[in-house]
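Undergrad: I am attaching a structure below and will ask some questions about it afterwards.
The values are calculated or read from the model by the stated rules, or taken from the named source; none is laboratory data. The shown structure was predicted, so the numbers you read here are calculated from the model rather than taken from an experiment. Backbone-built Cβ (ideal geometry, glycine too); neighbour counts: all protein chains shown.
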Amino acid sequence: MFDECNIEEMDIKRMWDYFKDILRESAKLVYGVTKINKNKKETPRWNGEIKKEVKMKKEKGKRYPAESTNSRYNEYKEQRNKVKEMVKETKKKSWEDFREKMEENYFARY
């Protein structure tokens, strides 16, 4: 798709389009193409365990105003912090997996 071109003769817009096309084609080669349901939000790191913990956090958050006690607040706060930490760890792992896959596919070509 991308033949040798004379970059010096390109204007900025065409250069950007050329660069963008190279990136898109590279991403297609590495990751492939899938159709996504636009109505469904999907995040690979958002697994069943995190969904369950978030649901528990919401339940504990709803119980606290009904029974405004320190113990109810502490339960909610502990659950909130647990969910934050889980999300942080899964995001970190997701980015590491992404980086490794990119490096693996990049270096496999050379």
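Here's the yes/no breakdown for (1) at pLDDT 90 or above; (2) among the charged types (D, E, K, R); (3) under 26 Å from the mean Cα position of the chain (by Cα):
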site: Asp3; (1), (2), (3): no, yes, no
site: Tyr31; (1), (2), (3): no, no, yes
site: Arg45; (1), (2), (3): no, yes, yes
site: Trp95; (1), (2), (3): no, no, yes
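Undergrad: Oh, and also: Out of the range 57-71, which residues are in a helix (DSSP H, G or I) and of a type in the set (D, E, K, R)? Reasoning before the result, please.
TA: Of the range 57-71, the ones in a helix (DSSP H, G or I) are 57-66, 70-71.
The answer is Lys57, Lys58, Glu59, Lys60, Lys62, Arg63.
Undergrad: Among the residues of the range 58-69, is any under 25 Å from the mean Cα position of the chain (by Cα) and modelled with pLDDT of 85 or more? I'd like the intermediate steps shown before the answer.
TA: Initial filter on the range 58-69 (under 25 Å from the mean Cα position of the chain (by Cα)): 58.
In the following step, the residues that additionally are modelled with pLDDT of 85 or more were identified as 58.
Taking every residue of the range 58-69 in turn, at least one turns out to be under 25 Å from the mean Cα position of the chain (by Cα) and modelled with pLDDT of 85 or more.
Undergrad: Right, another one. Tell me, which residue of the range 11-26 that is without any contact (Cβ under 8 Å) to a residue 12 or more places away in the chain and charged (D, E, K, R) is farthest from Glu103 (Cα to Cα)? Break it down into steps so the answer makes sense when it comes.
TA: Of the range 11-26, the ones without any contact (Cβ under 8 Å) to a residue 12 or more places away in the chain are 11-17, 19-20, 23-24, 26.
Subset that is charged (D, E, K, R): 11, 13-14, 17, 20, 24.
Details: Asp11: 31, Lys13: 29, Arg14: 28, Asp17: 24, Lys20: 19, Arg24: 16 Å.
Among them, the one singled out is Asp11.
Undergrad: Right, another one. Is it true that some residue in the range 72-87 is loosely packed, with under 10 Cβ neighbours inside 10 Å and either in a loop (DSSP other than H, G, I, E, B) or modelled with pLDDT of 85 or more (or both)? Working first, answer last.
TA: Step one: list which residues in the range 72-87 are loosely packed, with under 10 Cβ neighbours inside 10 Å, which gives none.
Taking every residue of the range 72-87 in turn, none turns out to be loosely packed, with under 10 Cβ neighbours inside 10 Å and either in a loop (DSSP other than H, G, I, E, B) or modelled with pLDDT of 85 or more (or both).
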